[in-house]
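So the structure is just underneath, and the comments pick up after that.
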Amino acid sequence: MPEPTCAKCHAALEPGEAREYLGQELCEDCYLDSQTITKTCDPWAVHTAKSLKDLPGGQNLTPLQQQLYDLVKDRGEVPLLEAAAHLGLSEAELRREFAPLRHMEKLRACKKDDLIHLTLF
Ligand SMILES: [Zn+2]
């Protein structure tokens, strides 16, 4: 039988040291590396960090507030009910997320054709 080696760095594996990751045998170090990479590659985490950094003043928005802000920023103007549907929220929940954004003067609401639209402040 061949010596067991790490699939990534090819170091010889001590008995009991091998960790299985995505069907590969890895040494402890490479296994921990893989875990870190998986976390950094989470697109939402990266997206959030990036968007927060881009905000003037860098206020901390909740992920939902950030999503709402990004949606309005991308579209320019979004009917309130459509924004709620887009984020999977009820109208009441969306209004609760919207309130601090209006307070921070990031978003505002305007009435158009009897519908409430959200726009950038
Ligand atoms: Zn290794």
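Quick notes
- For a paramagnetic label modelled on LYS73 (point 7 Å from Cα along Cα→Cβ), amide N atoms under 15 Å away belong, within the range 86-106, to 101-102, 104-106.
- Gain upon complete extension [GLU3, GLU93; 0.36 nm per residue less C-alpha separation]: 26.6 nm
- Amide proton proximity set for GLU25, modelled H, under 5 Å, gap of 5+: ALA7
- Backbone HN-Hα couplings from phi across the range 67-76 [Karplus 6.51/-1.76/1.60, Hz, Gly and Pro as x]: 4, 5, 4, 4, 4, 5, 5, 5, 9, x
- Reach of LYS8 by Cα under 16 Å, taken over aspartates and glutamates that are not fewer than 8 positions away in the same chain: GLU17, GLU20, GLU25, GLU28, ASP29, ASP33
Quick note: the coordinates plus some simple rules give every number you see, no bench work behind them. Quantities reported herein were computed from a predicted structural model and do not represent experimental measurements. When we count neighbours, we look across all protein chains shown, and the Cβ atoms used for this are built from the backbone with ideal geometry, even at glycine.
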